[in-house]
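Nothing in this text is a laboratory measurement; each read-out follows from the coordinates by a stated rule. Since this is a predicted model, take the numbers as computed values, not measurements. For neighbour counting, all protein chains shown are included, and Cβ atoms are generated from backbone atoms with ideal geometry for every residue, glycine included.
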Amino acid sequence: MLKKLSLAALIAMGSMSVASATSLSDAIKNVDLSGKIRVRLYHEMPKDQNSYNRWRTNAVFVFKNPIGDTGFSIVMRNSVESNVYTDDDSFTDTQAGATTSVDSNIVNNLLFVQYKKDNVSAILGKIPVATSITSADYFAPGHGAGAIATYTVNKNLTVAAAWIDALKNGKTKVANGADVYAVAALFNTDMVKGNAWYYQITNTVKRLVTVSLDATPVKGVDVHVDFANGKNEGSNVKSTTYYNISAAYAQDAVSVKAGYAYVNDGNSLVTTSYDAPNAKVIPTVNNYSIADKSDRTALYAKVGYNVDNATNVYVAYQHQNDKSTTNNDLNEYTLGAKYAVNKKLSFAAAYDVADFKVNTSDNKEFRVEGNYKF
């Protein structure tokens, strides 16, 4: 929805009148503002430690200004996050792993040119990086300086290429600032849809291949598969193989999902973030990925029930079998509920219990949040 902006649009789009050969006032009228605001409260209860609260607030504002009918747009994305940790007098932020204080700070500030016309789409500048191995979290996406382009060959096939000169928000084994090169094919047929990617990451990954597939072999049953194989640069490096297979079924108000994930004992990269599409697959709210680990399996399930058109309740479970030398198996349980006031405003709550075999990592968590999108 187009909104008339004043000072905010002026700051975000101050140069548009030159690029579009229109007056600045006309450019401001055409600015599209979208985004999301979230307020989340965590109550953490780690084993043999003080319980504490974490108040996390996020806001994302995306300004988009089309430049006439040229196919070009200028996009600016601002994101802020604030964390507040509270406990008794003996508690410190360091104990909670706090990285920010009560004052907000900019998480990412993206500004790029977007082109979309006919079969071609491209973004160039400081951009969000949407791939199979980068963070897809709305509030903290993978991002960096570079370019991504796609070309729609036909209704069944789109090809893509990406060059990221400095990847940020790589939460696992890739240092911030790594260069990423990728090519991809995205396909959609009557039988199956999915994507296949090939990556190289400077001084880190020699090669990395990922494939994700979705199919509906039987009416009402959806099957999903993720596969990845990567090998890092350097000597004494063992390739890593990862896969995830799940099936989901829904009828009337009831939905059921079950799956199995596996990663071998390799020491190479198959994802840059546990929030990546190929990694964030386990339905419990905290330990939802094993793609960044080694020599581990996960068996998981989720059952949901729609109380009415606005309310959903669910229970999720996973068992991780840690076959490495740490032998730290995990049983995790989540009980949750979601309520949609309307298409823009929603609330959610969850209670999660993580029970590790080496129980120094045991934790119970209650979280509640409100989301508003515009």
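Backbone amide hydrogens, once placed in the peptide plane, bring E233 within less than 5 Å of T204, V205, K206, excluding anything fewer than 5 places away on its chain.
Sequentially through segment 48-59, phi angles give Karplus couplings (6.51, -1.76, 1.60; θ = phi - 60°) of 6, 9, 5, 6, 8, 9, 10, 9, 10, 10, 10, 8 Hz, Gly and Pro residues having no value and appearing as x.
By definition, a body whose alpha carbon gyration tensor gives a ≥ b ≥ c is oblate when a/c is 1.5 or more and a/b is not larger than b/c, and segment 146-246 fits this oblate description.
Between D32 and N286, the C-beta separation translates, for a Förster distance of 56 Å, into a calculated FRET efficiency of about 0.95.
Under the rule a/c < 1.5 gives rounded, and otherwise a/b versus b/c splits prolate from oblate, where does segment 224-271 land using the Cα gyration tensor?
Values: a/c = 6.02, a/b = 4.40, b/c = 1.37.
Since a/c reaches 1.5 and a/b is larger than b/c, the shape of segment 224-271 is classed as prolate.
How much length is gained if the chain between T70 and K364 is pulled fully straight, taking 0.36 nm per residue apart and subtracting their Cα-Cα distance, in nm to one decimal?
Working: separation 294, 0.36 × 294 = 105.84 nm, distance 5.33 nm.
That works out to 100.5 nm of additional length.
Between K219 and Y339, the modelled label-to-label distance comes to 3.6 nm, taking each label 7 Å out from Cα in the direction of the beta carbon. The stretch between V84 and A253, if pulled fully straight at 0.36 nm per residue, gains 57.1 nm over its current Cα-Cα span.
The lysines within cross-link reach of K343, meaning a Cα-to-Cα straight distance under 16 Å and a gap of 8 or more places when in the same chain, are K36, K373. Toward the positive end of the charge dipole of segment 182-252, with +1 on the Cβ of Lys and Arg and -1 on the Cβ of Asp and Glu, the farthest Cα among A247, V225, V209 is that of V209. Summarised as an ellipsoid, segment 287-374 has semi-axes of 31, 13, 12 Å, derived from the eigenvalues of the Cα gyration tensor scaled by 5 and square-rooted, with the largest first. Each of V303 and Y198 was given a label point 7 Å from its Cα along the Cα-to-Cβ line. The distance between the two points is 4.5 nm.
Charging the Cβ of each Asp and Glu at -1 and of each Lys and Arg at +1, and nothing else, the dipole of segment 146-225 about its Cα centre rounds to 160 debye. Take 65-78, 210-223 and order them by the average number of nearby Cβ atoms within 10 Å per residue, most first; the result is 65-78, 210-223.
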